[in-house]
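Structure first, then comments.
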Amino acid sequence: MTEPRLEADLTGRFDRLLWATLAGYAALVVLAFTVVSETSLRRSLEQSADGIESLLGLYVDTATARNTVAPAMLADQLLGMGDRFLITRTVSTGDGRIDPSVYFLSPTMPAKRIETGPGMSAEAVRQTLLESIAARGRWRFHVFHRRSGEFDIYVAGSRRPYLVAVLGLSLGALFLLPIAALWARREANRAVERALAPLGRVVRETQAIGPSALSRRVGTPTGLAEVTGLAEAINRMIDRVERSHRALEAFTADASHELRTPLTHLRAQVQWALAEHRAPADIHEALTATGREVDRMSRMVEDMLLIARGENRQLAIERQAFDLEAVAQEVKEITADMTPTSTITVSLDVDGLQGLQAVGDPARVRQILLNLASNAVRYTKEGAITFTLAHRDGLAGVRVRDTGCGIPPEQIDRVFDRFYRVESSRSRAHGGSGLGLTIAQVLAELQDGRIEVESRPGHGSTFSLWLPCPPLERR
Ligand code: ADP
């Protein structure tokens, strides 16, 4: 399904809104005009009725003379008014009946003849009048009725003048509306185009960023706050992508470099062994060296896989309260076994924290401490390796302190980087691959812990592992 384009969608919405607004406005104008005209027509009819009523009052004496038509003097006056009206008079006949009769009918009245008769009610007269007026056009006249004593005054006013104006207005609106709407649509199109231009630019600039141009960024500000926000978010995302891309590049370069050296060794050894006239003892020696190299490479590949799985959160990590002291004790004993010479003493200082508990995976914690301890053994010629339990800010820790060569301050931040060795030749001679601390850090972070390091060249180093403590009641 093809999605609608934002530009077309916005223009369409704007268009519909515009039509509805303009048509609504025109209808409102016509309605307001009609209401005002109708009200003023009614007011003028009321005024006419007032005039007629006062004339009837002036001739009250003659009016009481029970005439069925207006006396000549009154009729002259009424005629002079020039309005369209009808006056009926309802008088009680002697036998108790009530008869309405036409008292005066102005010559301009739309209903020329009103039939009245004995027994007809005033209401019936009104109905007859309205019907005969309606017969000349239902909407053409407004009839105003007023009762004044025995008289019923009906004044009719023509709606024609204002209906013509209403019709003119409506027709004007009908013709002008599409023109106004077309013009507004063109302007709306332009406005939407202008508004979306920065977005289009951000799309084009983002498309131009690829693996070969990862250092490019989308230009900001774009001229629209929202689009600038979007561009900045894209830039931040590309920052992250670039960082991990660089890390991956560095990792690939490091890994291939690290594997190339042992592979060169292997090839040389195999070629040497394959040469003619090699004594069986020499071949055996070459194969033993080959085996060691293969073991080292396998360990390195295992370590690389472990780091990759840890960083992708694919390692199974337990989360339980466990006895950190017991794990430290076990690692201390293994470390003591790793240092057969008596030049290094290995000890555990519980520091009053017997049975110190931590939350995490005891097997992984053991692995971390063994990595730290084997480094301590590797880089300490003589002196002491001390494990110390610690407790700080709700964290349980183990410090691994050695009196070895230490790490220069300018390199201390890099020792956790993959394949980083402070002194490559020295470390490789020790059998290190530069992955031990990376693994320790990845495993610590997976358990919400961390590793801190302090070191003084020539005096030794202290690596501290910190892990969360169990909740109080479980401690
Ligand atoms: P390696 O396998 O080379 O020991 P690590 O990642 O464990 O790799 O350590 C990285 C580097 O940090 C080592 O090569 C070493 O130079 C330095 N290092 C680590 N631990 C110590 C220590 N206890 N004393 C001195 N240097 C250390």
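The values are calculated or read from the model by the stated rules, or taken from the named source; none is laboratory data. Worth saying up front: this structure is predicted, and the values here are computed from it rather than measured. Heads up, the Cβs are rebuilt from the backbone with ideal geometry, glycines too, and the neighbour counts pull from every protein chain shown. Accessible surface is based on the protein model in full, side chains and every heavy atom, while ligands, DNA and RNA are left aside. Shrake-Rupley method; radii C 1.70, N 1.55, O 1.52, S 1.80 Å.
Summary of values
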item	result
Meets criteria (more than 8 Å from the ligand (Cβ to nearest atom), modelled with pLDDT under 95 and open to solvent by 30 Å² or more (accessible area, probe 1.4 Å)) for Arg378	no
Leading residue by the ranking (farthest from Leu10 (Cα to Cα)) among those in the stretch 175-229 that are over 27 Å from the mean Cα position of the chain (by Cα) and touching a residue at least 60 places away in the same chain (Cβ under 8 Å)	Leu177
Filtered residues of the stretch 231-278 (kept if modelled with pLDDT under 90, more than 30 Å from Pro211 (Cβ to Cβ) and small (Gly, Ala, Ser))	Ala273, Ala275
First in the stretch 447-459 and open to solvent by 100 Å² or more (accessible area, probe 1.4 Å) and assigned to a strand (DSSP E or B), second anywhere and more than 13 Å from the ligand (Cβ to nearest atom) and of a type in the set (Ser, Thr, Tyr), Cβ under 8 Å, 6 or more apart	none
Listing of strands (runs of 3 or more DSSP E) fully contained in the stretch 320-435 that carry 1 or more residues being in contact with a Cys (Cβ under 8 Å, 6 or more places away or on another chain)	357-360, 383-392, 395-402
Residue among Leu356, Leu389, Leu369, Leu437 that alone is surrounded by 20 or more Cβ atoms within 10 Å (Cβ to Cβ), within 23 Å of Glu258 (Cα to Cα) and either within 51 Å of the chain's Cα centre (by Cα) or within 14 Å of the ligand (Cβ to nearest atom) (or both)	Leu437
Conditions (1) open to solvent by 40 Å² or more (accessible area, probe 1.4 Å); (2) more than 9 Å from the ligand (Cβ to nearest atom); (3) acidic (Asp, Glu); number of the one not met by Asp417	(2)
Single residue of Asp402, Asp361 found to be open to solvent by less than 60 Å² (accessible area, probe 1.4 Å), within 16 Å of the ligand (Cβ to nearest atom) and of a type in the set (Asp, Glu)	Asp402
Residue within the stretch 310-323 that is closer than 18 Å to Arg450 by Cα, within 16 Å of the ligand (Cβ to nearest atom) and open to solvent by 70 Å² or more (accessible area, probe 1.4 Å) present	yes
Single condition Arg126 does not satisfy, out of (1) at pLDDT below 85; (2) open to solvent by 60 Å² or more (accessible area, probe 1.4 Å); (3) touching a Lys or Arg at 6+ places or on another chain (Cβ under 8 Å)	(3)
Unique residue being in a helix (DSSP H, G or I), over 19 Å from Ala165 (Cα atoms), modelled with pLDDT of 95 or more and in contact with a strand residue (DSSP E or B) (Cβ under 8 Å, 6 or more places away or on another chain) when the list is Glu46, Glu53	Glu46
The stretch 366-395 residues that are closer than 14 Å to Ala440 by Cα, paired with ones that are among the polar types (S, T, N, Q) and surrounded by 19 or more Cβ atoms within 10 Å (Cβ to Cβ) (beta carbon under 7 Å, 6 or more apart)	Ala373/Thr335
Val241 vs. criteria open to solvent by 60 Å² or more (accessible area, probe 1.4 Å) and part of a helix (DSSP H, G or I)	yes
Single residue of Arg296, Arg267, Arg278 found to be basic (Lys, Arg), in a helix (DSSP H, G or I) and open to solvent by 60 Å² or more (accessible area, probe 1.4 Å)	Arg267
